[in-house]
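Note sheet for the following structure.
The values are calculated or read from the model by the stated rules, or taken from the named source; none is laboratory data. All values derive from a computational prediction rather than experimental measurement. Cβ coordinates were reconstructed from backbone atoms using ideal geometry, including for glycine residues, and neighbour counts include every protein chain displayed. Ligands, DNA and RNA are stripped out before the accessible areas are found, and what is left, the full protein with its side chains, is counted by its heavy atoms. Shrake-Rupley method; radii C 1.70, N 1.55, O 1.52, S 1.80 Å.
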Protein chains: 2
Amino acid sequence: MKRTTPRQENAQRERLLRLLQDGPRNRAELGDLVRLSRSALAGELARLSELALIEEVELATSRKGRRSRMVRLSPSLRFAAVVIGAASVNVAITTGDLEILAQASESCDARQGPDAALSVALDLLGELRSQGLAPRLHGVGMGVPGPVSFRDDFAVVPPVMPGWDRYPVRDALTRRLGCPALIDNDANLMALGEMHAGVARTAGDFLLVKLGTGIGCGIVIDGGIHRGASGSAGDIGHVQLDDHGPACLCGNTGCLEAYIGGTAIARQAEEAARSGTSAGLAERLARAGRLTAQDAGAAAAAGDATAIAMIRDGGRRLGQVLADLVSFFNPGLIVIAGGLADLTGLGHVVLTEVRSVVHRRSPPLATRELPIMLSELGDTSGVVGAAKLISTHVLSHRPADL
Amino acid sequence: MKRTTPRQENAQRERLLRLLQDGPRNRAELGDLVRLSRSALAGELARLSELALIEEVELATSRKGRRSRMVRLSPSLRFAAVVIGAASVNVAITTGDLEILAQASESCDARQGPDAALSVALDLLGELRSQGLAPRLHGVGMGVPGPVSFRDDFAVVPPVMPGWDRYPVRDALTRRLGCPALIDNDANLMALGEMHAGVARTAGDFLLVKLGTGIGCGIVIDGGIHRGASGSAGDIGHVQLDDHGPACLCGNTGCLEAYIGGTAIARQAEEAARSGTSAGLAERLARAGRLTAQDAGAAAAAGDATAIAMIRDGGRRLGQVLADLVSFFNPGLIVIAGGLADLTGLGHVVLTEVRSVVHRRSPPLATRELPIMLSELGDTSGVVGAAKLISTHVLSHRPADL
């Protein structure tokens, strides 16, 4: 008799639950799709029912209201998502199939350290849960804007986040929320989010470029995140474009993040305002006391030539880095996401420059069928990805691991 | 009853035959390693015996000469390997477990087109076979120094190889040799070779940098070649380092290949000889009429400061590109191979510079445990990889596909 190994069982269960995350199915469909016999499927479903992860119900399956016995994820499943940004904390609560029931965010400077950020995140989650949305949490996924040692579950030397280095985030979350927790780099989570509900739904190999306060990249190969030998894959923010370029927060010069990203654009906008090259930006600076990437985008959208030139230059620099990655990696799709990608006057300008540089500089074979597009998920890609990460873990692991 | 899909059968057979490529095994070991029951294994082995791919024999398995019944690949299996370089053709004949029985090479300019190169390759193979080494060939694997559309089995727009674009190499080989054929990029094959018999034997994720007339890169993820969405992954030779850098053969300026690789080093050596900055190179040029990378290496080994500086600069440029790839990809190992890596006065100088730049510029988390080393296989990594490619294909496909 053929033995089924624990690893194979996990893989079967993962496929089963991944199918159910896309909606209810009847038994026959499930059995065909995961290639299980009726009896093996029945055994698997019985175990998952016992764990209260799934249930069987009579559902209307045709327009005429014909009812059929369907398997679905338990409607009481709840996952929490926490995405720590450099300047804000974003949380959400989702169902088992990753529908967002509620979402909230608050400003918070990640440089204040993990205790402050976690406290904001737990308060936000507490408020959402006080509305009765999630009496019990089945897991929490969390993203941070820096490399994560995935094996050890902590953020490692993230340049913008002193104090986070090797802080046991996973343990802290599990202790406070009483459920399994996983942590990952934010760009990786955004890639998972785009695969679940965004423009990358049908893509197996793609790059997700996060354009936020800093720059990150999620790498998807065969539908899974490539984290690399030590978990730092995708750390493209400090690729050096020019030895003699502007100073970067990391201490080097001419890094990609010194040209584009929230910090770089805000700095350049303030320089332009102070040096008198942009009357529009000077006026905004006088009004607000400081400038952000949003101001630069708004000025560009209003036709400010200096703001447009600055954003175009940033887009070209990002394009240079992506052109090299296209030559090296030959992705099937590039998605540009993150806070800056959504900004009026910014996202589309960057996209146009990136497309132009990549198509000019990368090999024709690699760019012939390469869509480069903006995310359409706005600020939900990160939280959906965080919920996806933890739900896959919770749903596909054996009871003993729960 | 659980159904076994054709795909699962292929995967089992592939694992079985891959084990046997590492040497004979007894049935019990094989059954445990591929997780097959005694009866399933017996059925599989019977089918492979019928196809004359394996045989069972009594072999001595201990020092005392204790004999045991072992399964091994059929000793009559023969694979041919052809590696087309920019300036030479290298061929080999191997056994089923990829031992090289004979190897030969001849100068040939790839720019003369595929007919000329294939004719040289077939002549060389014919000479080797005339010695009775391979009455029948079971497959031929071939490498070319440019991107390959793996799905369609032809080389596509390889910059150094006009005339090869979309030439049906696979069909031509199959027709002439009467056996299955596969074609791949040479750096990918060198990566397969290093995994089978070189410094990457235990590595799952690594980069193989080919330092030949041009520069290429093989990307290995989870033990398999990453070819990318259209087969051009690893095409790093034309990553642009400086808009205002030296002209490249591809028509752009400042490409990596304009700084390092056989063509670039030879050009710089001749310039140094002509401009009078190196008496040693001038002397070599006067003697030979032209200079090669080998001359530059020999001059460097003899202490010529200009030659050393030129090679160091090339190594630094390669290091810059690799530092960015380490940030992006976070590999577990980098192997530098190819004709230039073996040259006295060249390989180790380049290695030292690459290590220095990568460790200075890439994130500490990515470089903390990152070995960067030279290949030890010399000019056999490409042919071993070519034989590995075709043998895996032939051995693991179902009879109907043979």
Q: Give the residue, chosen from B:272, B:286, B:279, B:296, that is crowded, with 20+ Cβ neighbours inside 10 Å and either over 17 Å from residue B:213 (Cα atoms) or among the hydroxyl-bearing types (Ser, Thr, Tyr) (or both).
A: B:272
Q: Please give the strands (runs of 3 or more DSSP E) falling wholly within region B:61-163 in which 2 or more residues are free of Cβ contacts under 8 Å to residues at least 40 places away in the same chain.
A: B:88-94, B:100-107
Q: Report the residue count in region B:248-283 for those that are among the hydrophobic types (A, V, I, L, M, F, W, C), assigned to a loop (DSSP other than H, G, I, E, B) and touching a strand residue (DSSP E or B) at 6+ places or on another chain (Cβ under 9 Å).
A: 3
Q | Residue check, residue B:332 in contact (Cβ under 8 Å) with a residue 40 or more places away in the chain, over 17 Å from residue B:372 (Cα atoms) and either within 14 Å of chain A (Cβ to nearest Cβ) or touching a Ser or Thr at 6+ places or on another chain (Cβ under 7 Å) (or both) | A | no
Q. What are the residues in region B:233-247 that are surrounded by fewer than 24 Cβ atoms within 10 Å (Cβ to Cβ) and either outside any loop (DSSP other than H, G, I, E, B) or within 11 Å of chain A (Cβ to nearest Cβ) (or both), if any?
A. B:240, B:241, B:242, B:243, B:247
(Q) I'd like to verify a number: residues in region B:358-379 that are more than 10 Å from chain A (Cβ to nearest Cβ) and open to solvent by less than 30 Å² (accessible area, probe 1.4 Å), how many? (A) 5
Q.
Would you confirm whether or not region B:335-352 contains a residue that is within 10 Å of chain A (Cβ to nearest Cβ) and in a loop (DSSP other than H, G, I, E, B)?
A. no
Q: Answer yes or no: is there a residue in region B:221-232 that is more than 14 Å from every other protein chain (Cβ to nearest Cβ), farther than 25 Å from residue B:320 by Cα and not in a helix (DSSP H, G or I).
A: no
Q | region B:169-220: number of residues that are polar (S, T, N, Q), surrounded by fewer than 24 Cβ atoms within 10 Å (Cβ to Cβ) and outside any loop (DSSP other than H, G, I, E, B) | A | 1
Q) With A:151, A:136, A:129, A:166 as the choices, which residue is over 19 Å from residue A:87 (Cβ atoms), away from every other protein chain (no Cβ under 14 Å), basic (Lys, Arg) and open to solvent by 70 Å² or more (accessible area, probe 1.4 Å)? A) A:136
(Q) Here are the criteria: (1) part of a helix (DSSP H, G or I); (2) open to solvent by 20 Å² or more (accessible area, probe 1.4 Å); (3) touching a strand residue (DSSP E or B) at 6+ places or on another chain (Cβ under 7 Å). Tell me which single one residue B:382 does not satisfy. (A) (2)
Q: Quickly run through region B:25-35 and pick out the residues that are in contact (Cβ under 8 Å) with a residue 12 or more places away in the chain, open to solvent by less than 50 Å² (accessible area, probe 1.4 Å) and either out of contact with any Ser or Thr (no Cβ under 7 Å at 6 or more places or on another chain) or small (Gly, Ala, Ser) (or both).
A: B:30, B:34
Q. Do you know which residues across region B:36-53 are more than 31 Å from the chain's Cα centre (by Cα) and either among the β-branched types (Val, Ile, Thr) or open to solvent by 40 Å² or more (accessible area, probe 1.4 Å) (or both)?
A. B:38, B:39, B:46, B:47, B:50
**Q.** Output for region B:284-322, where each listed residue is closer than 30 Å to residue A:233 by Cα and either in contact with an Asp or Glu (Cβ under 6 Å, 6 or more places away or on another chain) or not in a helix (DSSP H, G or I) (or both)
**A.** B:312, B:315, B:316, B:319
Q) If we keep just the residues of region B:299-316 that are of a type outside the set (A, V, I, L, M, F, W, C) and over 19 Å from residue B:210 (Cα atoms), which is surrounded by the fewest Cβ atoms within 10 Å (Cβ to Cβ)? A) B:303
